Amino acid sequence: MRIDKAEVIVTSPDRNFVTLKITTEDGITGLGDATLNGRELAVVAYLSEHVAPLLIGADASRIEDTWQFLYRGAYWRRGPVTMASIAAVDMALWDIKGKAAGMPVYQLLGGASRKGLLAYGHASGKDIPELFDSVNQHLDEGFRAVRIQSGVPGLHAIYGIASQSDDVGGGESRYDHEPARRGSKPVEEDWDTESYLRYIPTVFEAVRNEFGPALPLLHDGHHRMTPIQAAQLGKSLEPYHLFWLEDCTPAENQEALRLVRQHTTTPLAIGEVFNTIWDFKDLIREQLIDYVRGAVTHMGGITALKKTLDYAAMYQVSSGMHGPTDVSPVGMAAALHLGLAIHNFGIQEYMTHGSRTNQVFEQSFAWNEGLLHPGNKPGLGVELNVDEAGKYPYERAYLPYNRLADGTVHDW
Ligand code: EZ4
Ligand code: CO
């Protein structure tokens, strides 16, 4: 099982995706997702200049050894560019191993622990009526859990509001929420934490009154609060019994979570921007979080995220893998195989991809009554249609950034 080819494919059907395609001498292909939103070409260079040459002639069956070689062998460790690159290699090798064995990857990880993965969608609105419509639409589509994001009076453009994203422009295809925008400069959004803290509890009260006590509700704070502000929000949301409050603080300051935890029983999820087990280790061991938000694509692959989640299991911390549109269908498939197999699965984020993306990536996952299943094709179950991919060249795109009313840059 020697590796014959390692190609890096960039395509932009609805948004940019970076895919690694590994081909063995006997013609088995494997795909890996290496998409890093807004910094895609840095990963392309890392993979094509520094990783692909190392893979040619290597034994495709040695997944763990290849991971260790790329991680330890680089000397310079961690970081999103490195770990997305290693993730792509790791996914592609699991894909190849599954195809060689004639088994879906989840079987190689120990087999299914459940019928399917509970998935949450992104409901949002500029105001309460629009938010209710969005929640109803998600319920009609079969979702059994929803993330709630709302506009805040006085703020013009903020994270997570789909209708506002349409106003801001970009592409004909309608995403639930796609924050990155094509163009040469990032879009500027505005922010005021005090207005947000005053308003959001009233949104959750309205949603609970309308949709009842049982619907699992999630919310993303998107790294904007100070520790004490996050503690206040967690406390004020306790009556509405959230499934989780996500990324309440910018988690470079991990001690912040200690303070938040001391003040609130609202469950906490964190880590979509983390890239190794070391980012999660102390938060898990000190039981400061309830859900691990790492994505297979950004955490160094199935091999590395499985180790993180196995460690989390000892502390009753569950998975809550990041699943935005910037995780490609290949990265999503890897998440579904891993989530189906592990015991401590919590919930899977699921933002549906656009129709062009679904033509470029031929997928075999199933959606049934709010549960996702990766399907039973050997490997990850995703194939790249190279002709379709070639129709959509890379286009520069950036995530937005925030400024406060006085002009100060704030966490986005
Ligand atoms: O802003 O994926 O929970 N989901 C999120 C996402 C992230 C984007 C960044 O690339 O926070 O919308
Ligand atoms: Co998030």
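The values are calculated or read from the model by the stated rules, or taken from the named source; none is laboratory data. Model, not experiment: these values are computed from the prediction. Note: ideal-geometry Cβ built from the backbone for every residue, glycine included; neighbour counts use all protein chains shown. Heads up: the accessible areas ignore ligands, DNA and RNA and are worked out on the full protein's heavy atoms, side chains in. Shrake-Rupley method; radii C 1.70, N 1.55, O 1.52, S 1.80 Å.
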Legend entry - Cβ-Cβ FRET estimate between residue 194 and residue 136, R0 fixed at 30 Å, reported to 0.05: 0.45
Inset, instruction - Report the Stokes-Einstein translational diffusion coefficient (µm² s⁻¹, integer) for the chain, Rh taken as the Kirkwood radius over Cα pairs, at 25 °C with viscosity 0.890 mPa s. - result: 114 µm²/s
Inset, instruction - Quantify how much of the Cα-Cα distance distribution of the range 252-369 extends past 20 Å, in percent. - result: 42 percent
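Filter 281/377; 5/306; 99/281; 235/307; 21/307 down to the pairs with a C-alpha to C-alpha distance above 29 Å, please. Numbers along the way, then the final one.
Details: 281/377 34 Å; 5/306 27 Å; 99/281 33 Å; 235/307 32 Å; 21/307 24 Å.
Over 29 Å apart, Cα to Cα: 281/377; 99/281; 235/307.
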Legend entry - the range 75-127 - accessible surface per residue (Å², probe 1.4 Å): 38 Å²
Inset, instruction - Go through 273, 52, 295 and say which Cα lies farthest out towards the positive end of the charge dipole of the chain; charges sit on Cβ, +1 for Lys and Arg, -1 for Asp and Glu. - result: 52
Legend entry - GNM flexibility winner over the chain from 297, 35, 193 (Cα, springs under 10 Å): 193
Inset, instruction - Among 79, 392, 348, pick out the residue whose Cα is farthest towards the positive end of the charge dipole of the chain, where Lys and Arg carry +1 and Asp and Glu carry -1 on C-beta, about the Cα centre. - result: 79
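Taking square-rooted eigenvalues a ≥ b ≥ c of the alpha carbon gyration tensor, is the range 345-412 rounded, prolate or oblate, where a/c under 1.5 means rounded and, failing that, a/b exceeding b/c means prolate? Don't skip to the answer; put the middle values down first.
Working: a/c = 3.59, a/b = 1.56, b/c = 2.31.
Verdict is oblate for the range 345-412.
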Legend entry - Share antiparallel - DSSP beta bridges, the chain, percent rounded to 5: 50 percent
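Based on the Kirkwood radius over alpha-carbon pairs, what value in µm²/s does the Stokes-Einstein equation return for the translational diffusion coefficient of the range 15-172 at 20 °C and 1.002 mPa s?
Working: Rh = 18.9 Å.
Translational D for this selection: 113 µm²/s.
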Inset, instruction - Considering only 20, 384, 309, give the residue with the highest GNM mean-square fluctuation for the chain, with springs between Cα atoms whenever their separation is below 10 Å. - result: 384
Inset, instruction - Tally up the carbon and sulfur contribution to the accessible surface of the chain as a whole percent, 1.4 Å probe, everything protein left in place. - result: 51 percent
Legend entry - Under 12 Å, Cβ to Cβ, from residue 239 - net charge with Lys/Arg +1 and Asp/Glu -1: 0
Legend entry - Check: the chain dipole with +1 on Lys, Arg Cβ and -1 on Asp, Glu Cβ, in debye: 960 debye
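About the Cα centre of the range 1-97, how large is the charge dipole given +1 on each Lys and Arg Cβ and -1 on each Asp and Glu Cβ? Please answer in debye to the nearest 20. Show your work: numbers first, answer last.
Working: 10 positive and 13 negative charges, 69 e Å.
Rounded to the nearest 20 debye, it is 340 debye.
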Inset, instruction - For the range 1-106, count all C-alpha to C-alpha pairs, find those more than 15 Å apart, and express that count as a whole percent of the total. - result: 59 percent
Inset, instruction - Note down the magnitude of the dipole of the range 121-279 about its Cα centre, charges +1 on Lys and Arg C-beta and -1 on Asp and Glu C-beta and zero elsewhere, to the nearest 20 debye. - result: 380 debye
